[in-house]
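The values are calculated or read from the model by the stated rules, or taken from the named source; none is laboratory data. Since the model is a prediction, treat every value here as computed from it, not as a measurement. Ideal geometry is used to build each Cβ from the backbone, glycine not excepted, and the neighbour counts take in all protein chains shown. These area figures cover heavy atoms from the full protein model, side chains too; ligands, DNA and RNA do not enter into them. Shrake-Rupley method; radii C 1.70, N 1.55, O 1.52, S 1.80 Å.
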Amino acid sequence: MSKIILAQIDTVAGDIFHNSAKIKETINKAKEKNANMVIFPELALFGYPFGDIFARHKSLIKFQLKELEEIKKLTNNITALVGYVEPTNSENKKPYYNSIAILQNGKQISTVRKKLLPSYCEFNDNRYFEPSQETGEIIEIENERYGIIVCEDGFNDKDFFEHNIYMCDPIEELMKKKPTTIINCSSSPSRARKEQLKHNLLSSIAKKYKVNYIYVNQAGYGDNLCFDGASRIYDLNGNLKLRGKFFEEDFIEAVNFQGKIENIPKGLEQRNEIKDFSLDYFNDLDRTYQTILCGIRGYFRKTGFQKAVLGLSGGLDSSVCAVLLADALGKENVYGISMPTKITSLNSKKDAQILANNLGIHFLEIPINKEIEIFSNELKDIFRQIDAEQYTKSTTFENIQARSRATILWSISNECKFMLPIATSDKSELYIGYATINGDMSGGFAPIADVTKTKLFALADFLNTNRPIKNVIPKNILEKPPGAELKFDEQKGRTVTAEEDNMPYPFLDEIIWFVENRNYGYEELKKHKFKYETNNLISQEQKESWILKFFDKSQKALFKWHILPPSIIVDAKSINITEYHHPIISKYSMIG
């Protein structure tokens, strides 16, 4: 009987001794289960994502190799596949290989090195790693021939992808060695639509080559990325026979290539890759929710923070953030601070209080009229002294409100041990710079920075419906037009809404989708029939005006993208600096 353990662990980059202890514990546990083999994710010993850490701190590589020697000693009567950073020891090559150590009976019997080194989106493997000239490795255990590859080497099937980004397919090359089972040691982050792609790809490869396919993936959070785990096995007909938990560590027992199949996030099994923009987000809301919870928990645990403080405005963004933080950290560890001004509506103040009561989080109301008045008067005097040119549309006194609030949150954080202030900006507003530096953009973590406004509304409905306690977000928050309540319109007798300042969010979010997923520019967008136009009559002139406004504002917001606190990549594409590097000093013309 063949028993294999899929060790879906959560690692910390550079924390060699922590990672090593986790690997040792798992090997010992696997031996207690009389397993033949235990498989760890890509770079399990060093940790992933790695950034530039081993370039500047080369002693970590020495510690890692020393720990690998200790791990070897535990492999009597078991085979362990452990991902690590292997020095090339060559002046004519890049300094390291991304490798899998095959450990057996106290020895490293072989090494598998990664061949395909991705340099797209969040990946930058070829910065330090040398590509392998060989493809995979075969080991025999219990009359089974296992062909071992590393992550990306399993994602270039020419029959599956319409356009391949690499010249070779390592699995096709590996099959010449006649394995009966493929093992892929991976560290693959979660993105929108990726689960469906991964399932279809791995299943098709197993069926195509008539092999069992074992896929072991990292779980947990690391610098803007959430790894969804969900390690799995497919049989030679492409049928799913085992799947681990999503977004958390798991010790997964496979007996004769079968085991428990953990539940998939709601909706993912119902959808293939989206070919067009849609405002129907239902099938991705549970994954989005689980991704953000994983990110919050991982970031706080790994950085040592335990509590969160955020401004509660009575608006959508801060309300959703509060729910997510309460679910991730526990309601007792979340502090909501309402900081109204004289133009803050009574409804907003009530909604913030109701939300906090519904969640059971700590709540405090701190009016900031006095602070704003003092600050504003001081600034007016300063402006007179420096002869500052005043613009009728200046946002100076709007931003004073947001920055005063941020000052209070940071002050609370400074005084309270292990507490971190939260930035509540969403993706739509960050894209066009509708967020204040050192204001609502300010914080140590930004949970919803990769969630568009229209998806955020859908997520709020999901939270109200699917949490054990229903309808925690007040109905009024979901129905009122979004706005920061920083500017009062005397003629209308109310504060200016965000859409009045910018454009309708459904229209804005559709622009974002086509810019990110189809690389549309102004010419393509002005000809495009927007979903918004189906139910709203707008002129071509208005449409083009909004499109130009988007590009103008997004170019001016580039420096803000670089200031964004650590966050969580959720969408298929992102402006998060981990993925997208747009030069601040740049200009792209929209009209020729």
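Output the residue which, of all residues in region 534-554 that are in contact with a Lys or Arg (Cβ under 8 Å, 6 or more places away or on another chain) and surrounded by 14 or more Cβ atoms within 10 Å (Cβ to Cβ), is farthest from residue 277 (Cα to Cα). Ranking the candidates gives 544 first. Each residue in region 90-116 was checked for being open to solvent by less than 40 Å² (accessible area, probe 1.4 Å), out of contact with any Gly (no Cβ under 7 Å at 6 or more places or on another chain), in a strand (DSSP E or B) and of a type in the set (A, V, I, L, M), and 3 pass.
Residue 315 falls short on exactly one of the conditions (1) over 30 Å from residue 9 (Cα atoms); (2) of a type outside the set (A, V, I, L, M); (3) open to solvent by 20 Å² or more (accessible area, probe 1.4 Å), and that condition is (3). For residue 119, the requirement of being in contact with a helix residue (DSSP H, G or I) (Cβ under 8 Å, 6 or more places away or on another chain), among the hydroxyl-bearing types (Ser, Thr, Tyr) and open to solvent by 30 Å² or more (accessible area, probe 1.4 Å) is met.
How do the helices (runs of 4 or more DSSP H) wholly within region 1-89 filter down when requiring 3 or more residues that are closer than 29 Å to residue 145 by Cβ: which remain? Passing ranges, in order: 16-32, 59-72. Could you tell me whether any residue of region 280-301 is touching a residue at least 60 places away in the same chain (Cβ under 8 Å), over 22 Å from the mean Cα position of the chain (by Cα) and open to solvent by less than 20 Å² (accessible area, probe 1.4 Å)? No: region 280-301 contains no residue that is touching a residue at least 60 places away in the same chain (Cβ under 8 Å), over 22 Å from the mean Cα position of the chain (by Cα) and open to solvent by less than 20 Å² (accessible area, probe 1.4 Å).
Per-residue answers, yes or no, for (1) under 33 Å from the mean Cα position of the chain (by Cα); (2) of a type in the set (D, E, K, R):
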residue: 26; (1), (2): yes, no
residue: 32; (1), (2): no, yes
residue: 38; (1), (2): yes, no
residue: 45; (1), (2): yes, no
residue: 53; (1), (2): yes, no
residue: 65; (1), (2): yes, no
residue: 73; (1), (2): no, yes
residue: 77; (1), (2): no, no
residue: 95; (1), (2): yes, no
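Against the list (1) within 30 Å of the chain's Cα centre (by Cα); (2) surrounded by fewer than 16 Cβ atoms within 10 Å (Cβ to Cβ); (3) among the basic types (Lys, Arg), the condition residue 176 fails is (1). Checking the structure you have, find out if any residue of region 124-137 is open to solvent by 30 Å² or more (accessible area, probe 1.4 Å) and of a type in the set (Ser, Thr, Tyr). Yes: one or more hits. Restricting attention to region 481-492, the residues being within 21 Å of residue 372 (Cβ to Cβ) and either of a type in the set (Val, Ile, Thr) or part of a loop (DSSP other than H, G, I, E, B) (or both) number 6. Residues in region 207-248 that are on the phi < 0 side of the Ramachandran plot, open to solvent by 10 Å² or more (accessible area, probe 1.4 Å) and over 17 Å from the mean Cα position of the chain (by Cα): 207, 208, 209, 212, 235, 236, 237, 239, 240, 241, 243, 245.
Cβ-Cβ distances below 7 Å connect the following pairs, each with a first residue in region 317-344 that is in contact (Cβ under 8 Å) with a residue 12 or more places away in the chain and farther than 19 Å from residue 443 by Cβ, a second residue that is open to solvent by 10 Å² or more (accessible area, probe 1.4 Å) and assigned to a helix (DSSP H, G or I), and a separation of six or more residues or different chains: 331/359; 340/349; 341/369; 341/372; 341/401; 342/369.
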